[in-house]
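The values are calculated or read from the model by the stated rules, or taken from the named source; none is laboratory data. Predicted model only: the values in this text are computed from it and were never measured. Positions of Cβ are generated from backbone atoms using ideal geometry, with glycine treated the same way; all protein chains shown enter the neighbour counts. With ligands, DNA and RNA removed, areas are computed over all heavy atoms of the protein, side chains included. Shrake-Rupley method; radii C 1.70, N 1.55, O 1.52, S 1.80 Å.
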Amino acid sequence: MLKQHSKFFESVLLLADWLALSGAWILSYYLRFYSGIVPVYKGIPPFKTYLTLLIFMIPLWGIVFRMFGLYRPRRVSTRLSEIADIGKASTFATLILISLTFLFRQYEFSRMTFFYFWLLNIISLSLTRILFREFLRFLRQKGYNQRYALIVGTENLGQDLVKILRKHPELGIQISGFLTNDSTVVGNTLQGIRVLGRYSDVRAFVVKHTIDIVFVALPFNAHNQLREVLNYLGDEMVSIMVLPDLFEFITLRGSVSEFEGMPLISLRDTPLYGWNIIVKRLLDIVVASIVLMCASPLLGIIALLIKSTSHGPVFFKQERMGMDGRIFHMIKFRTMEVNAEMTTGPVWTKQDDPRCTKIGKLLRKTSLDELPQFFNVLRGDMSIVGPRPERPVFIENFRNAIPKYMLRHKMKAGITGWAQVSGWRGNTSLEKRIEYDLYYIENWSLHFDLKIIWLTFWNGFINKHAY
C-alpha cells in the first residue's frame, strides 16, 4: 500500500510539474511578444509554433528531473535543497532545449523568450513543490502517508533522533522500535519506544513490522559494527540512513558534502564562501562608503579637536587579529596621550582612565573614535558586522581560558556585532561575548547582518560599558 501511495504522489507531482512548465512557457511567450517590455521588430511569431515545442519539453523535463532525483521521497530534505536542485535541473534542461531548437533550421526561436521561461519556470516549479510538500505535511500531521522506521542503536544518538522526529510530525515518520547489541536492555522502553531485539534481528523486524526506513545510530566507538548491521539487512528493500556520531566534534557550521562520489563531513567551516563572500563584501563597501561620505564633515571636526587639544597624531593604529588569525592594523581616532602604555604595558581601558584625553573620553563614550575603522572595511581588513577584533597580546590568555575562543576568527572582524547589540560590550562577560559571536557565525545571513546594522543605529552609540 505504501508503495502504491508513493507512486500516486509521484504521479501527482509529475502532473503538477507539467502544468507549471506549460504555464511558464505560455506566459514567457506573451511577456516577450505582447507585454511591450522588449520591442518586437520582426513581427509576432504564431503561438502554435511555440506551443508545439511543449511536445519535446514535457518529456525532457521529466527525464532531467528524474536524473536529479526530484521525484524521490524527500521527507528529511530541506526546502532550500530542493529549490537548489530545481534550479540546477531546469538550467540543464533549458540548455538542452536551446540546443535542440537549432535542429529547427526553418524557424528561429526568441532568445528572450527562453530567458523569461528559464526564470519563470524555476519560480513556478519551486512554488508548486512548496505547496505540494506543505499539503503532504498537512496529511502526515493528520496521520496519513506515514512511514515506519527502526533505529539501530539505543545510545544517546538514537534517543536524540526520537526526540527530533517527535518535534516534526509533518515528516510522517513513526518509530516502530529500537534494536540493540546489549541483550540486557531488550524489552525495555526508551523515550517511550520499545527495544525490540538485537542487531542480528534487524531483517526479521523489517519484514514483521513492514519497515520503510532503518536509521543506524551507532555510537562513535561502535561504528565498526555498521558492516555487520548491513550484512544482517541483506537485500531488503528499505531506505538506510546512517547518523554519524560526530556531533561532539562539530564546533562550527558542520555540514555534509560530496566529492567525486565520496561523502565529506565538515566539522568546522566558515559561512563565507561562494556568493556569500561577494554579497557580504558588497554590503561592506556600500555601507562604509555611505557612512564615510555622510560623516566626512564630522571626521574633519574630530580631527581638528584632537589636534588642538593634545600633542600627537590624529589617528592611532593598533595590531588586531582578523579572519583566520591574520594580523592587521586597526585605525581609530587617538583618544589617549602618546605612549600611554609605556608605563602600564598592554592593558584594557578602565572607567575614568587617566590616560584618556578630554576629547578622547567623549569620543570613546559615543563610539566616534571608531569611525576611521570604516577605512579598514574598505581595505578589506574588517567587515561592518562581525566579532570585534582583539589585540594579539591578549588572545593567548583568552585562548587558554575560554573554550572555542579562536573559532570567532572564522569570520572577518567587524565594527559592530551580535554580541555588541545584545549588550555584551566593553567590560562585560567575555564568555558571553564568545557565545554570541559563535552564534552569529553559525547563523550568518545577509538578513542577520542588516538586522545587526539596524539595531546598532536603533540602540545608539552611547553605551555605559564604553570607556
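Odds and ends about this structure:
- Available extension along the chain between ILE26 and SER99 is 24.3 nm, counting 0.36 nm per residue and deducting the alpha carbon span.
- Rounded to the nearest 10 Å², the accessible area of TRP454 at probe 1.4 Å: 150 Å²
- Order of exposure, largest accessible area first, which applies to CYS356, CYS294 with probe 1.4 Å: CYS294, CYS356
- Straight-distance crosslink candidates among lysines, where the alpha carbon sits under 29 Å from LYS48 and sequence neighbours closer than 8 are dropped: LYS88
- With R₀ set to 30 Å, the beta-carbon distance separating HIS311 from PHE394 gives a calculated FRET efficiency near 0.60.
- Residue ranking by accessible heavy-atom surface, 1.4 Å probe, largest first, among TYR50, TYR116 comes out as TYR116, TYR50.
- Sorting ASP182, ASP85 by solvent-accessible area of protein heavy atoms yields ASP182, ASP85, largest first, with a 1.4 Å probe.
- For segment 394-432 versus segment 13-39, the gap between their alpha-carbon centres in whole angstrom: 51 Å
- GLN191-ASN459 pseudo-label distance in nm [points 7 Å out on the Cα-to-Cβ vector]: 3.6 nm
- Of the whole protein surface, LYS163 contributes about 90 Å² of accessible area at a 1.4 Å probe radius.
- Partners of LYS307 within straight-line reach, counting lysines whose Cα lies under 26 Å from its Cα and excluding those fewer than 8 residues away in the same chain: LYS317, LYS332, LYS350, LYS358, LYS361, LYS365.
- Binning all Cα-Cα separations of segment 156-239 at 10 Å, short to long from zero, yields these whole-percent fractions: 16, 52, 30, 1.
- All lysines inside 22 Å of LYS167 as judged from Cα atoms, apart from same-chain residues fewer than 8 positions distant: LYS142
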